[in-house]
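Asks: I have a structure here, written as structure tokens, and I will follow up with some questions on it.
The values are calculated or read from the model by the stated rules, or taken from the named source; none is laboratory data. Just so it is clear, the model here is predicted, and its values are computed rather than measured. Note that each Cβ is placed from the backbone with ideal geometry, even for glycine, and that neighbours are counted across all protein chains shown. For accessibility, only protein heavy atoms count, side chains too; no ligands or nucleic acids. Shrake-Rupley method; radii C 1.70, N 1.55, O 1.52, S 1.80 Å.
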Amino acid sequence: MGFYQDQIVPLLINLTMRRRDLAAYRSRVIPAADGRVLEIGIGSGLNLPFYSRNVERLIGVDPSPKLLSMVRRNLRPDAPSVELVEGSAEAIPLENGSVDTVVTTWTLCSIPDADRALREMHRVLRPTGRLLFIEHGRAP
């Protein structure tokens, strides 16, 4: 990856996803997450303020080291236990049935193999787990 993809695109994503009108969607969906939560495409961490106290642990996966560094800088002391993983939704580095909730917001359209990513999310969810998502379009 080049400079533009590594440094500029993450900043553009962060600016775009900060739009105020998106907070209404986050406030309706994110508080329903509970237990051990996996957030696919955690980005710069804009969903973090919307998680409830019912989250025991949050694992955030994102392919961008730049965005993950932004999350680390913005973590609040009262945030749930957060583990950040540089990686892909198509190969989630977690055991089968190991999370209670998977959260993905505006990310499926940017994942090269959305079908594979959804199978991975299903694999890591407990049988009683839930997928919470916000999406704005179809993946290619």
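Asks: Could you look through segment 44-65, keep only residues that are under 13 Å from the mean Cα position of the chain (by Cα) and touching a residue at least 40 places away in the same chain (Cβ under 8 Å), and pick out the one that is surrounded by the most Cβ atoms within 10 Å (Cβ to Cβ)?
Replies: Top of the filtered list is Asn47.
Asks: Which of the residues belonging to segment 107-140 are open to solvent by less than 30 Å² (accessible area, probe 1.4 Å), not β-branched (Val, Ile, Thr) and not in a helix (DSSP H, G or I)?
Replies: Leu125, Gly129, Leu132
Asks: Here's another thing I want to ask about it. Evaluate the following for Leu131: is it in contact with a strand residue (DSSP E or B) (Cβ under 6 Å, 6 or more places away or on another chain) and of a type in the set (A, V, I, L, M, F, W, C)?
Replies: Here the answer is yes, as Leu131 does meet what is asked.
Asks: Inside segment 1-39, can you point out the residues that are modelled with pLDDT under 75 and either of a type in the set (D, E, K, R) or not in a helix (DSSP H, G or I) (or both)?
Replies: If the condition is that a residue be modelled with pLDDT under 75 and either of a type in the set (D, E, K, R) or not in a helix (DSSP H, G or I) (or both), then Met1, Arg18 are the ones that fit.
Asks: OK, next. Residues that are touching a residue at least 60 places away in the same chain (Cβ under 8 Å), touching a Pro at 6+ places or on another chain (Cβ under 9 Å), surrounded by 13 or more Cβ atoms within 10 Å (Cβ to Cβ) and farther than 22 Å from Gly35 by Cβ: does segment 82-105 have at least one? Spell out the reasoning first.
Replies: Initial filter on segment 82-105 (touching a residue at least 60 places away in the same chain (Cβ under 8 Å)): 98-105.
Narrowing the set further to residues that are touching a Pro at 6+ places or on another chain (Cβ under 9 Å) leaves none.
Within segment 82-105, not a single residue is touching a residue at least 60 places away in the same chain (Cβ under 8 Å), touching a Pro at 6+ places or on another chain (Cβ under 9 Å), surrounded by 13 or more Cβ atoms within 10 Å (Cβ to Cβ) and farther than 22 Å from Gly35 by Cβ.
Asks: Scan segment 86-106 residue by residue and report those that are in a loop (DSSP other than H, G, I, E, B) and of a type in the set (Ser, Thr, Tyr).
Replies: Answer for segment 86-106, where residues must be in a loop (DSSP other than H, G, I, E, B) and of a type in the set (Ser, Thr, Tyr): Ser88, Ser98.
Asks: Among the residues in segment 25-40, are any surrounded by fewer than 20 Cβ atoms within 10 Å (Cβ to Cβ) and aromatic (Phe, Trp, Tyr)?
Replies: Yes, segment 25-40 contains a residue that is surrounded by fewer than 20 Cβ atoms within 10 Å (Cβ to Cβ) and aromatic (Phe, Trp, Tyr).
Asks: Can you name the residue in segment 66-81 that is part of a helix (DSSP H, G or I) and free of Cβ contacts under 8 Å to residues at least 12 places away in the same chain and, of all such residues, is least open to solvent (accessible area, probe 1.4 Å)? Outline the logic, then answer.
Replies: Of segment 66-81, the ones part of a helix (DSSP H, G or I) are 66-74.
Of the ones still in play, those that are also free of Cβ contacts under 8 Å to residues at least 12 places away in the same chain are 69, 73.
Numbers: Ser69: 37, Arg73: 165 Å².
Taking the candidates together, the pick is Ser69.
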